[in-house]
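Single-structure report; data block below.
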Amino acid sequence: MKKKTKTPYPEGEEIIGESQVMEELRELIKETAISDARILITGESGTGKELVARAIHRGSLRAAFPFVTVNCAAIPDTLIESELFGYRKGAFTGALSDHKGKFEAAGHGTIFLDEVADLSPGAQAKLLRVIQEKRIEPLGSEQSVSVDVRILASTNKNLAAACAAGRFREDLFYRLNVIPIGIPPLRERRGDIPALFRYFLSLMKADMELNPEGEAFLAAYRWPGNIRELRNLAERCSVQFSPGKKLGETALRSLLLEKAPSGIHEEKKRILDLRNALERGYNEAKELFEQQYLRYQLEKHGGSVSKTASAAGLTPASLRAKLERYRIK
């Protein structure tokens with residue numbers, strides 16, 4: 001196989017993986033970086049959406065200008081306007097001087113709206129206006145300010161379903177989703193897992209190796225926390241094991257979360273149950289699949305009914321009814 005020349009990245013920001021899906025992702029990043037189109041990056045929590053956004057910025061004509069990240073889920077609706085658009089001295093009590101918002105701070109660079117689905121309806125309307133007019137109006141100012149930034153956004157939710165449910169503006173969705181980029185979860189690129197784990201160990205200057213048993217264990221585990229969980233495991237290994245340690249299943253399993261040891265067993269059981277469903281009648285098979293699907297989604301979203309309902313395209317009330325029907329806690 002031809003050896004790929006790696007592009008120099010800041011430490012910890014390289015997109016690692018030789019699987020076909022990752023090769024395609026790198027090519028898509030390269031193709032879209034040089035345009036100025038808005039991009040919506042989707043993927044489960046921990047898959048590396050910000051990493052992809054930074055790679056797009058680095059490959060763009062705006063690379064010499066700032067890359068500004070906004071955690072939309074962390075900004076209260078009452079502060080979103082001042083956070084994004086800034087304010088002028090005297091705009092409100094405590095505004096002792098002018099303050100640039102995120103859009104102005106980005107200059108001619110890139111603004112990354114992380115978890116954009118968590119913006120309130122009011123904030124969505126304000127963002128839509130900025131996209132349409134390419135101007136912002138700081139609080140306390142009577143004059144608008146022209147902005148020239150590229151907008152990248154990300155979400156771990158199904159925005160199309162959120163639009164259908166009335167939780168997200170459809171016009172804003174289409175404005176943001178000019179170029180969609182989906183990042184696969186780690187369990188769908190299992191062949192990359194050992195290389196990723198070794199890469200994280202190298203970042204932490206950890207002198208230890210995976211043995212074949214350890215590689216098989218990492219590849220079989222479901223990784224609900226995706227790359228973030230894998231990196232955390234590598235960091236735990238670097239702290240708790242001595243240099244030269246050979247990392248096998250026992251060592252790795254001991255440092256995962258408490259529920260992790262049963263993770264592989266549960267995954268195998270789930271696959272077996274779905275295979276058995278194929279031998280049943282249509283209605284029974286459909287019910288068996290629905291039960292497995294709901295259990296999987298509920299586990300994936302940490303037991304949160306609202307998050308599970310959003311991901312499944314159901315109302316919370318409808319989901320609760322199904323959980324009660326199947327006696328799923």
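When TYR221, TYR199, TYR174 are checked against the criterion of being in the same structural domain as ARG129 (by TED's automatic domain parsing), hydroxyl-bearing (Ser, Thr, Tyr) and at negative phi, a single residue qualifies: TYR174.
The set of residues from the stretch 55-80 being in contact with a strand residue (DSSP E or B) (Cβ under 6 Å, 6 or more places away or on another chain) and surrounded by 14 or more Cβ atoms within 10 Å (Cβ to Cβ) comprises HIS57, ARG62, PHE67, VAL68, THR69, VAL70, CYS72. Restricted to the stretch 149-171, and to residues there that are crowded, with 22+ Cβ neighbours inside 10 Å and farther than 24 Å from ARG228 by Cβ, the residue that is farthest from the chain's Cα centre (by Cα) is VAL149.
ILE181 passes every criterion in (1) modelled with pLDDT under 90; (2) within 17 Å of the chain's Cα centre (by Cα) apart from (1).
In the list ALA206, ALA162, ALA234, which residue meets the criterion of being part of a helix (DSSP H, G or I) and farther than 19 Å from ALA73 by Cβ? Full working, then the answer.
Details: ALA206 fails: part of a helix (DSSP H, G or I); ALA162 fails: farther than 19 Å from ALA73 by Cβ.
Being part of a helix (DSSP H, G or I) and farther than 19 Å from ALA73 by Cβ holds for just one of ALA206, ALA162, ALA234, which is ALA234.
Considering GLU209, GLU213, GLU188, GLU249, which residue is under 21 Å from GLY43 (Cβ atoms) and of a type outside the set (Ser, Thr, Tyr)? Walk me through it before giving the result.
On the way: GLU209 fails: under 21 Å from GLY43 (Cβ atoms); GLU213 fails: under 21 Å from GLY43 (Cβ atoms); GLU249 fails: under 21 Å from GLY43 (Cβ atoms).
Residue meeting the stated conditions: GLU188.
On the given criteria, is THR32 closer than 27 Å to LEU172 by Cβ, of a type in the set (S, T, N, Q), outside the structural domain of MET204 (by TED's automatic domain parsing) and assigned to a helix (DSSP H, G or I)? Before you say what the answer is, go through the steps one by one.
Values: closer than 27 Å to LEU172 by Cβ: yes; of a type in the set (S, T, N, Q): yes; outside the structural domain of MET204 (by TED's automatic domain parsing): yes; assigned to a helix (DSSP H, G or I): yes.
Considered against the rule, which asks whether it is closer than 27 Å to LEU172 by Cβ, of a type in the set (S, T, N, Q), outside the structural domain of MET204 (by TED's automatic domain parsing) and assigned to a helix (DSSP H, G or I), THR32 comes out as yes.
Restricting attention to the stretch 174-187, the residues that are part of a helix (DSSP H, G or I) and in contact (Cβ under 8 Å) with a residue 24 or more places away in the chain total 4.
Whether any residue in the stretch 205-218 is under 19 Å from the mean Cα position of the chain (by Cα), farther than 30 Å from GLN124 by Cα and at pLDDT 90 or above is what I want to check. Reasoning before the result, please.
Of all residues in the stretch 205-218, those under 19 Å from the mean Cα position of the chain (by Cα) come to none.
No.
For the residues ARG198, ARG190, the requirement of being farther than 22 Å from LYS300 by Cα and free of Cβ contacts under 8 Å to residues at least 40 places away in the same chain singles out ARG198. Could you figure out which of (1) modelled with pLDDT of 85 or more; (2) part of a helix (DSSP H, G or I); (3) small (Gly, Ala, Ser) isn't true of GLY263? GLY263 satisfies every listed condition except (1).
Applying the condition of being assigned to a helix (DSSP H, G or I) and in contact (Cβ under 8 Å) with a residue 60 or more places away in the chain to the stretch 99-148 and asking which residue is surrounded by the fewest Cβ atoms within 10 Å (Cβ to Cβ) yields ILE131. In the stretch 115-127 there is no residue that is more than 23 Å from ALA161 (Cα to Cα) and modelled with pLDDT of 85 or more.
Which of the following residues is part of a helix (DSSP H, G or I), on the phi < 0 side of the Ramachandran plot and outside the structural domain of LYS300 (by TED's automatic domain parsing): ALA153, ALA73, ALA63, ALA95?
Working: ALA153 fails: part of a helix (DSSP H, G or I); ALA63 fails: part of a helix (DSSP H, G or I); ALA95 fails: part of a helix (DSSP H, G or I).
After ruling out the rest, the residue left standing is ALA73.
Just to be sure I understand, how many residues within the stretch 219-234 are more than 18 Å from the chain's Cα centre (by Cα) and either among the aliphatic types (A, V, I, L, M) or surrounded by fewer than 16 Cβ atoms within 10 Å (Cβ to Cβ) (or both)?
Here is the first cut: in the stretch 219-234, the ones more than 18 Å from the chain's Cα centre (by Cα) are 219-221, 233-234.
Narrowing further to those that are either among the aliphatic types (A, V, I, L, M) or surrounded by fewer than 16 Cβ atoms within 10 Å (Cβ to Cβ) (or both): 219-220, 233-234.
Of the residues in that region, 4 qualify.
The values are calculated or read from the model by the stated rules, or taken from the named source; none is laboratory data. Just so we're clear, the structure is a prediction, and the values are computed from it rather than from any experiment. Cβ sites come from the backbone with ideal geometry, for glycine too, and all protein chains shown count toward neighbours.
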